[in-house]
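Chemist: The structure is given below, and queries will be raised subsequently.
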Amino acid sequence: MTPPTSRPPSYDPEWQAKYAAQIESAEQAVSRIRPGQRVFIGTGCAQPQELVRALTARSAELSDTQIVHLLTAGDAPYAHKELTQHFQVNSFFIADNVRHIIQEGLGDYTPIFLSDIPRLFSSGQLPLDAALIHVSPPDQHGQCSLGISVDIVKAAAESASLVIAQVNPQMPRTLGDSFIPAGDIDVLVPVDAPLIETQPTQPDEVVRRIGEYIAALIEDGSTIELGIGRVPPAVLPFLRDRKDLGIHTEMLSDAVLDLIEAGVITGSRKTLDRGKIVASFAMGSRRLYQALDNNPLFSFHPTEYVNDPHLIARQHRMVAINVALEVDLTGQVCADSLGGRFFSGIGGQVDFNRGAARSIGGKAIIALPSTARDGTVSRIVSQLSPGAGVVTTRGDVHYVVTEYGVAYLHGKSVQERALALISIAHPDFRAALLQAAVSARFVRSDLADVQGRIVVGPQELRTSLLLDDGTQIVFRPVHPTDEPRMKDLFYALSRETIYYRFMSHMKRVPQKQVQNFVYIDHRNEVSIVGTLPEAHGEDIIAIGGYYLDPRTNRAEVAFVVRDDWQNRGIGSFMLRHLIHIAKRNGIRGLTAEVLRENKAMQAVLNRSGLKVRSRLEGETYGFVMDF
C-alpha cells in the first residue's frame, strides 16, 4: 500500500525549466490580486498555505476582498477579526478555523448542496476573479494533478479569471478526473513542503457503539460513503468480516487503509467504477497520502460527479453515512447549526442521502450521539432548537442511529417515528420526550405507562386473521395492561408447549419474564399478541415476538399458541406478520432456536418463504432466515 521511498517521482523532474515563464514567487503571484476581487482558496489539507500567507501579508492593500472556500484545514490567517475590513470570508462549509468569525457575524456562510457549488462558478452566479490551488508538479504530458483535493477545486480553477497554483512535489499524483494542464494555470509557485495532516482519532465508547450499530446494516457488496465527523470512520473496524465492499465518498481518511489491506474493500461488486475507490478529497496522515500517489486503485473526481444524486442512486447497495447535530421527533435533521449559530454546513449529506435512498438495496443513515454537553442535553428533541435549520427533511430521512440503537423512519407515521426515536434517545430523556410527544399530539396518551416508559407499540402494527370457521383473531402490539392476561396465557399452556417454548419445565412464570414481554421498545424488541374478544374484554391466545441482535442486525424470533388453538395456522400467520414488521424496521433477517423434537415449529420456520438455513447442535436446531 505504501510506496517505497526509492520510488521515482511521478512528475517530470525538468518541469521548472520547461515552464520557467510561468514561475513566480508566492509574493509575486498574489500581487496580481486587486482590492474588491473574489478569491477562491483550495480545500481541506490541500489549502495552499504559502499562497495564503502571502495573500494575508498584503491585507493592507486588499480592501473588500472576498475569500470563498469549502472546508479548509490548518490556519486561516485571513479570518482574524482585525482583518475583516480587508478580507470577507464566505464559506460553504464551516471549519474550526473560521467558525469563530462566522458565529460573530463577521463572516458569511452560504448553505448549499455540495453538488450545486460547481454550477455556481461555471454559470457566473458566483464569478471568481482568482483561484489559489495546490497541485503536483506537471508530468511528462504537462498535466498537474489536483492531488488530495479535486472536489470543487477543479470547477473553481476552470472558472476563475486568474489561477495561481502552489506546485509541490509532496502532493500525491492522484488519478482519475483529477488533472489540470499546466498550460491552463497562469502562475506556478514552486513549494516543497509537507501537506497538512489530520491524525486519526480514537473513538470513545459512545461513538464505537454507534459504529457497531451502523456496521450491522451494511451487507457484503455494499458501496459506502463516509461523511465528515467522528462517527463514519468508527464504522469501519466493525466491517472486517464483510466481503467486497466498495467506496464512493466525498472524503477519504486513513480509516479505509486497514480494510483495503485486509481485502475487505475491493470494489469488485460496484455497479459503477468497479474496482475503484472513488473520492473527491482526502484528509489524513502521510501514510494515506503516500498510498494515494500514482495508485490506480484510487480514482479522484470532481464534486459534480461524486456528489451527483442520480449517479449515486445507480450504485447498487449504496450506503450513505452522515452525522447530525439534532433530530426532532418527526424526523427533521439539523446538521449545520446549533440553534441559530452556524456550526458546519450542508455539505454532501442531502446528495448522498437522496442518492442512497434511491439505490437498489441502498441505505441512507444519519448518526448522532444521543446527548451533548456532557450528557446534559438530548440530541433527540421534541422540536428543533429555535433557529436550527433543517438539512435533511422528515420526508428524506431513513435510518437514524445513536448509541442506543437504530430507528427506521421512512414511510412511518409521526407516531411511529416519535416512538422509534424516543427508544434510541438517552434513557435519562425518554420520559420527558414521551411527555412532550403526547403534549404535541404526536402520540396518544395511552401509549405510555405510569413511569413514562415506551411500552406500547404503534397501532399501525394491528392486523387480523379470519379462520376457516369464521373466527377473527386480532393481532396487536402488547400493552402494559396485558400483564395479567400474559400470566393467564402461560398457565393455560400444556407442559409440553411450555417446554417447547421456554426449553425448560417451568411451573410458574417469573414476574421479570412477564415484564420482559410487555415493557419493550417495539423496535429492538417486538411483542405481538393474538386476542379474542370476550365479554370481559379480550383473551390472549398467542404471543410472538423478536429480539434484535444489533451486532448482526438479525432478530431472534419466538412465538407460542395456546394448545386449544394450535394447528389452525396461527403460528404461521404470526411469523409472517413479524417478518413484515422486521422488514419495516430495516432488519436483515431472523434467527430461532428450536428443540429437535419440536417438529411443528420447525415446519413453520421451513415454510416461511425465506432463505432458511439450520444446524443441529446437541438437542437444538439453530435457524437463520434471510430476507
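Chemist: For segment 387-403, give me each residue that is modelled with pLDDT under 95 and surrounded by fewer than 21 Cβ atoms within 10 Å (Cβ to Cβ).
Modeler: Those that are modelled with pLDDT under 95 and surrounded by fewer than 21 Cβ atoms within 10 Å (Cβ to Cβ): G387, G389.
Chemist: Do any strands (runs of 3 or more DSSP E) entirely within segment 540-626 hold 1 or more residues that are within 20 Å of F490 (Cα to Cα) and of a type in the set (D, E), and if so, which? First the steps, then the outcome.
Modeler: Values: elements: 554-561, 589-595, 611-617, 620-626.
Fully inside segment 540-626 and qualifying: 589-595.
Rundown of residues vs (1) part of a helix (DSSP H, G or I); (2) at pLDDT 75 or above, yes/no style:
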residue: L433; (1), (2): yes, yes
residue: V443; (1), (2): no, yes
residue: G457; (1), (2): no, no
residue: L465; (1), (2): no, yes
residue: I473; (1), (2): no, yes
residue: R476; (1), (2): no, yes
residue: P484; (1), (2): yes, yes
residue: Y491; (1), (2): yes, yes
residue: Y499; (1), (2): yes, yes
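Chemist: Right, something else. Here's a check for you: in segment 534-556, which residue that is over 28 Å from the mean Cα position of the chain (by Cα) and over 16 Å from P484 (Cα atoms) is modelled with the lowest pLDDT? Give the steps one after another, and end with the answer.
Modeler: Step one: filter segment 534-556 for residues over 28 Å from the mean Cα position of the chain (by Cα), giving 534-545.
Now narrow it down to the ones that are over 16 Å from P484 (Cα atoms): 535, 544-545.
On the way: A535: 50, G544: 92, G545: 91.
Ranking the candidates gives A535 first.
Chemist: Moving on to the next point. Among the residues of segment 406-447 satisfying the criterion of being of a type in the set (F, W, Y) and more than 15 Å from I581 (Cβ to Cβ), which is surrounded by the fewest Cβ atoms within 10 Å (Cβ to Cβ)? Walk me through how you get there before you give the answer.
Modeler: Narrowing segment 406-447 to residues of a type in the set (F, W, Y): 408, 429, 442.
Still in the list and also more than 15 Å from I581 (Cβ to Cβ): 429, 442.
Numbers: F429: 20, F442: 24.
If we take residues in segment 406-447 being of a type in the set (F, W, Y) and more than 15 Å from I581 (Cβ to Cβ), then F429 is surrounded by the fewest Cβ atoms within 10 Å (Cβ to Cβ).
Chemist: Looking only at segment 469-486, which residues are free of Cβ contacts under 8 Å to residues at least 40 places away in the same chain and under 23 Å from S572 (Cα atoms)? Outline the logic, then answer.
Modeler: The initial filter retains those residues of segment 469-486 that are free of Cβ contacts under 8 Å to residues at least 40 places away in the same chain, namely 469-470, 472, 479-481, 483-484.
Within segment 469-486, D469, G470, Q472, H479 meet the criteria.
Chemist: While we're on this one: Going through segment 97-129 one residue at a time, which ones are over 25 Å from I312 (Cβ atoms) and of a type in the set (D, E, K, R)?
Modeler: R99, E104, D108, D129
Chemist: So, one more: Which of the residues belonging to segment 95-136 are acidic (D, E) and either part of a loop (DSSP other than H, G, I, E, B) or within 25 Å of L195 (Cβ to Cβ) (or both)? Let's see the steps before the verdict.
Modeler: Pass one, segment 95-136, residues acidic (D, E): 96, 104, 108, 116, 129.
Within segment 95-136, D96, E104, D129 qualify.
Chemist: If you don't mind, another one. Might you check whether a residue that is modelled with pLDDT of 95 or more, hydrophobic (A, V, I, L, M, F, W, C), more than 23 Å from P35 (Cβ to Cβ) and part of a loop (DSSP other than H, G, I, E, B) occurs anywhere in segment 169-176?
Modeler: yes
Chemist: Kindly evaluate P181 against the criterion of being at pLDDT 95 or above, surrounded by fewer than 17 Cβ atoms within 10 Å (Cβ to Cβ) and closer than 18 Å to F300 by Cβ. Give the steps one after another, and end with the answer.
Modeler: Numbers: at pLDDT 95 or above: yes; surrounded by fewer than 17 Cβ atoms within 10 Å (Cβ to Cβ): yes; closer than 18 Å to F300 by Cβ: yes.
Spelling it out, P181 is indeed at pLDDT 95 or above, surrounded by fewer than 17 Cβ atoms within 10 Å (Cβ to Cβ) and closer than 18 Å to F300 by Cβ.
Chemist: Can you tell me which residue in segment 592-624 is surrounded by the most Cβ atoms within 10 Å (Cβ to Cβ), limited to those that are without any contact (Cβ under 8 Å) to a residue 40 or more places away in the chain and under 16 Å from D549 (Cα atoms)?
Modeler: Looking at residues that are without any contact (Cβ under 8 Å) to a residue 40 or more places away in the chain and under 16 Å from D549 (Cα atoms), I get A592.
Chemist: Looking only at residues in segment 463-482 that are over 20 Å from I579 (Cβ atoms) and among the β-branched types (V, I, T), which one is surrounded by the fewest Cβ atoms within 10 Å (Cβ to Cβ)?
Modeler: For segment 463-482, the residue satisfying everything is T471.
Chemist: Looking at (1) in a loop (DSSP other than H, G, I, E, B); (2) not aromatic (F, W, Y); (3) not assigned by TED's automatic domain parsing to the domain that holds A324, which is the only condition V163 fails?
Modeler: Checking V163 against (1) in a loop (DSSP other than H, G, I, E, B); (2) not aromatic (F, W, Y); (3) not assigned by TED's automatic domain parsing to the domain that holds A324, the one that fails is (1).
The values are calculated or read from the model by the stated rules, or taken from the named source; none is laboratory data. Small disclaimer: the values here were computed from a predicted structure and weren't measured. As a convention, Cβ positions derive from the backbone with ideal geometry for all residues, glycine included, and neighbour counts pool all protein chains shown.
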